[in-house]
Amino acid sequence: MLVGEVTGELTGEPAGKSAGERAGEPASESAGERAGEPARESAGGPVRALVLGDAEDVRRAAEEVAEGRAVVHGFANFYAVTARADRAVVERVNRLKGRPAGQTGSVTTVPSAVPGLFDWTRLPAELPRRQVRSLLEELFELGPFGFRGPAAERVPEYLTAVQDGLPTVQVIAPGRGCPSNAFFAAALERTGAEFLFITSANRSRQPPHWRAEGVVADFGPEPAMRVLAHADDAAARSGYPHHEPVSTSVVSFHRPAGRGRSGLPALTLERQGSLSADHIRSVAANHGFALSLAPGAAPRPRARAYVPVAR
């Protein structure tokens, strides 16, 4: 049995066969396939997906990023796409996902460099810097999360969005315990950059993938992308018991959203995601903040559904 995604599986061709097999040619078996690792297909036959946590595979994936390709990789309890933050690369990844080329993207980096992506001098007085930073630290200790705040000058305009008259940046990180941080560190070293472009691993208007098989089926054949899979998807998900395998929740702190019923200054939950609003609210209260849901914010998304597909 092969795990396939509900949509996009029906191609009219037998499942599990490479282009060469469909043409009646024998397919070669890679070392990765013999080891039971995820594989993707190319015109020349199956190609092994790299494995997150394997030092050599992480090095190779980082080199792919440095060369301008995107890497679809394990990210906490689901999958994300990371690439250099060059405008041309960002636009290419957006098009591959079915998005408008100029859609504003998010950025990521290693945990120690996250604060440097924000301009803390532009925080309003109602939101003390020390308390906001301690909130960031606690939520990233729990797992994957996203924050929007005043953008540092080093962040290019095509990766910022003007909100309330202020350039802001959306920073998405997997949490301190995720092995993808080693991949980010290697990619940053090879690119000489301080941050990378990141987006969820999905085609436009579809939920993000949380299984390697789905990632390989959806993005493996793309020549401009490489797959760096979790060594064990189930183990990755079990490491985040409070998070659903969907895109991260995002809290913004560039402007206060009034005050909560407790009288505390409120931050805005602008996107509901993997961590529930109630959980975020309880953590925010520990740091002196209330939480307000953004007007028109979409409901918390459901995880992607997969069904067994017979070979």
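The values are calculated or read from the model by the stated rules, or taken from the named source; none is laboratory data. All figures in this text were calculated on a predicted structure; none of them were measured in a lab. Neighbour counts are summed over all protein chains in view; Cβ atoms, including those assigned to glycine, are modelled from backbone coordinates with ideal geometry. For the accessible areas, the whole protein counts, side chains as well, though only heavy atoms, and no ligand, DNA or RNA atoms are used. Shrake-Rupley method; radii C 1.70, N 1.55, O 1.52, S 1.80 Å.
The table for this structure:
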| read-out | value |
| --- | --- |
| Burial order of peptide ranges 205-218, 256-269 (average beta-carbon count within 10 Å, highest first) | 205-218, 256-269 |
| Most to least packed among 67-76, 237-246, 182-191 [average Cβ atoms within 10 Å] | 67-76, 182-191, 237-246 |
| Under 5 Å, built H, 5+ apart or other chain: amide partners of V227 | L50, V72 |
| 5 angstrom amide H check on S292, placed H, neighbours 5+ away | L267, T268, L269 |
| Potential lengthening between S262 and S134 on full extension [0.36 nm per residue; Cα-Cα distance subtracted] | 44.1 nm |
| Formal net charge of residues neighbouring T82 (Cβ-Cβ distance under 11 Å; K, R +1; D, E -1) | +2 |
| Per residue accessible area in Å² of the range 106-191, where ligands, DNA and RNA are left out and the probe is 1.4 Å | 41 Å² |
| Antiparallel content of DSSP bridges confined to the range 169-311, in %, to 5 | 55 percent |
| Amide proton proximity set for F118, modelled H, under 5 Å, gap of 5+ | A152 |
| Surrounding net charge for R176, when Lys and Arg each add one and Asp and Glu each subtract one, Cβ distance under 10 Å | -2 |
| The range 84-95 - phi-based ³J(HN,Hα) in whole Hz, Karplus 6.51/-1.76/1.60, Gly and Pro as x | 4, 8, 6, 4, 4, 5, 4, 5, 5, 5, 4, 5 |
